[in-house]
Amino acid sequence: MNKNNKICIKCNKPVEENKEHYEVFEKMHWLCFHLEFEHEGDPDRPCNDPGCPWWHIEVYKNKLKKIGIEPKDIMEQAVEERWK
């Protein structure tokens, strides 16, 4: 293995996106770090941390519904487009 490769100690996968913060995130992906140290409660549900990706998704879904767009429809369209 190349000594420049950074491997997450939580999931054992290469850290690429935030490798410049590898040490800050305790040698983990940001998401692994968040789930390990910051996330409260069920990891499959949003927590109160404003950086929580599940919280972001919930905020976007609620806003879309408020303006009359069904998030499920958007996801179905995105899946269709991805597999074209």
field: Test: residue in region 4-24 that is of a type in the set (Ser, Thr, Tyr) and part of a loop (DSSP other than H, G, I, E, B)
entry: yes
query: On the given criteria, is residue 84 part of a loop (DSSP other than H, G, I, E, B), loosely packed, with under 12 Cβ neighbours inside 10 Å and of a type outside the set (Gly, Ala, Ser)?
result: yes
Region 2-52, residues that are touching a Cys at 6+ places or on another chain (Cβ under 8 Å) and of a type in the set (D, E, K, R): 10, 27, 38, 40
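Any read-out appearing in this document is the output of simple, stated calculations on the displayed coordinates, not a laboratory observation. No experiment lies behind these values; they were computed from the predicted model shown. In this analysis, Cβ positions are derived from the backbone assuming ideal geometry, glycine residues included, and neighbour counts consider all displayed protein chains.
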